[in-house]
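Since the structure comes first, as structure tokens, the remarks are kept for the end.
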Ligand SMILES: NC(=O)c1ccc[n+]([C@@H]2O[C@H](COP(=O)([O-])OP(=O)(O)OC[C@H]3O[C@@H](n4cnc5c(N)ncnc54)[C@H](OP(=O)(O)O)[C@@H]3O)[C@@H](O)[C@H]2O)c1
């Protein structure tokens with residue numbers, strides 16, 4: 001198959017990651033179609049993924065070669081108390097796995113580092129998951145649902161940063177706003193994170209979707225993450241420095257969160273590397289220095 005002929009459907013294309021994935025697919029010359037729900041504008045197709053009939057009709061009509069499934073409820077606190085979130089994170093990947101099978105499309109399911117308990121990093125893709133919160137559990141169940149389709153792939157990701165249209169889309173939006181205003185802020189100094197840019201993730205997802213042309217679809221579990229370890233506290237210190245902010249940043253050395261979070265979910269990218277996918281990541285400070293200059 002000529003990779004430039006691939007038609008890709010991106011779910012959650014109005015979201016923080018999906019927007020970057022759709023834009024990367026278009027930049028690389030693929031025929032890309034974005035799906036959204038409450039924020040369907042600018043050419044995105046409006047489909048409620050919880051409506052199985054509408055979703056099935058849409059996939060049948062579009063007949064994509066590849067579906068990149070980004071839509072989900074990503075806020076751990078929201079997943080703790082919502083049955084709707086469970087449906088979105090577990091039932092929808094099951095539906096898409098069946099639809100991909102029926103229409104001979106390649107499904108890539110976007111997952112999270114939160115499938116691990118964070119007690120014995122680094123984690124390989126084949127290491128045993130043990131999620132600590134309902135979000136991690138729902139995403140793990142979503143992985144199982146997606147992989148019921150033997151040709152599907154899972155891509156696990158760490159904390160993401162990138163361009164936003166609304167500061168509420170990412171924790172970095174609120175942090176940058178506080179730092180710009182000079183406000184005092186408290187920051188998590190105990191949870192080890194590996195923040196990765198949505199642009200780098202988008203490149204990897206499109207590389208995976210184009211892999212069929214050279215090597216066949218990559219099926220099974222993959223992981224992508226920067227190997228640069230930062231805590232929320234050290235991220236804030238870096239952003240404070242770039243912004244020239246006068247904010248006082250107070251390190252929190254224990255959790256004050258209602259949701260249990262893993263301490264260190266560093267993920268190996270070996271499986272992707274062995275598949276020949278470029279796993280380079282933009283350094284955190286470099287991306288933010290460039291990005292904040294353009295605001
Ligand atoms: N953000 C992170 O740091 C992070 C880290 C690791 C993994 N992930 C994973 O990456 C993926 C993308 O996350 P994100 O940060 O881009 O999330 P997001 O910004 O909250 O976007 C969620 C997307 O899902 C769509 N959606 C929600 N309910 C829907 C429904 N019923 N029908 C159709 N679409 C629906 C939303 O559409 P509307 O807005 O149009 O309603 C939106 O486009 C998720 O699978 C998440 O688990 C994210």
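Just so it is clear, none of the values below were taken in a lab; they were calculated from the coordinates. Keep in mind that what you see is a predicted model, and the values were worked out from it rather than measured. Quick reminder, even Gly has a Cβ in these numbers, built from the backbone with ideal geometry, and neighbours come from all protein chains shown.
Tabulated results
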{"read-out": "Sorted by Cβ density within 10 Å, fewest first, the residues 112, 83", "value": "83, 112"}
{"read-out": "Relative frequency of Cα-Cα separations exceeding 26 Å in the chain, percent", "value": "43 percent"}
{"read-out": "Residues in the range 145-187 that a label on residue 246 would reach, taking backbone N under 11 Å of a point 7 Å out along Cα→Cβ", "value": "182-183"}
{"read-out": "DSSP-defined beta bridges in the chain - what % are antiparallel, rounded to 5", "value": "5 percent"}
{"read-out": "Descending semi-axes in Å of the range 1-73, equivalent ellipsoid built from Cα gyration tensor", "value": "19, 15, 9"}
{"read-out": "Between the range 1-78 and the range 180-253, the Cα center-to-center distance that results, in Å", "value": "23 Å"}
{"read-out": "Residue among 79, 110, 260 with the largest mean-square fluctuation in a Gaussian network model of the chain, springs linking Cα atoms under 10 Å", "value": "260"}
{"read-out": "Two-decimal ratio, the range 175-282, of alpha-carbon radius of gyration to 2.2 N^0.38 Å", "value": "1.35"}
{"read-out": "Rounded to 10°, Cα long-axis angle of helix 134-147 versus longest principal axis of the chain", "value": "30 degrees"}
{"read-out": "Sequence of 234, 119 once ranked by neighbouring C-beta atoms within 10 Å, starting from the fewest", "value": "119, 234"}
{"read-out": "Highest-fluctuation residue, 100, 225, 40 considered, GNM on the chain with Cα pairs under 10 Å", "value": "40"}
{"read-out": "Where labels lie 7 Å past Cα in the beta-carbon direction, separation of residue 270 and residue 171 in nm", "value": "2.8 nm"}
{"read-out": "Nearest-ten-degree value, helix 284-293 long axis tilted from longest Cα axis of the chain", "value": "90 degrees"}
{"read-out": "Cβ-based exposure ranking for 179, 50, 22, in which fewest neighbours within 10 Å come first", "value": "50, 179, 22"}
{"read-out": "Degrees, to the nearest 10: 171-181 long Cα axis against longest axis of the chain", "value": "30 degrees"}
{"read-out": "Nearest-0.05 FRET efficiency for residue 150 and residue 80, computed from C-beta distance (R0 30 Å)", "value": "0.40"}
{"read-out": "Max mean-square fluctuation residue, GNM over the chain, Cα-Cα springs under 10 Å, options 31, 81, 69", "value": "81"}
{"read-out": "Calculated SAXS-style log₁₀ I(q)/I(0) at q = 0.10, 0.19 Å⁻¹ - the range 106-209, Debye, Cα scatterers", "value": "-0.36, -1.12"}
{"read-out": "Linear extension gain, residue 126 paired with residue 190, 0.36 nm per residue minus alpha-carbon span", "value": "20.4 nm"}
{"read-out": "Contact order normalised by residue count of the range 71-179, Cα under 8 Å, 6+ apart, percent", "value": "30 percent"}
{"read-out": "Residue-averaged [θ]222 nm for the chain, counting only DSSP H segments that reach four residues, each worth -39500 (n - 2.57)", "value": "-10500 deg cm²/dmol"}
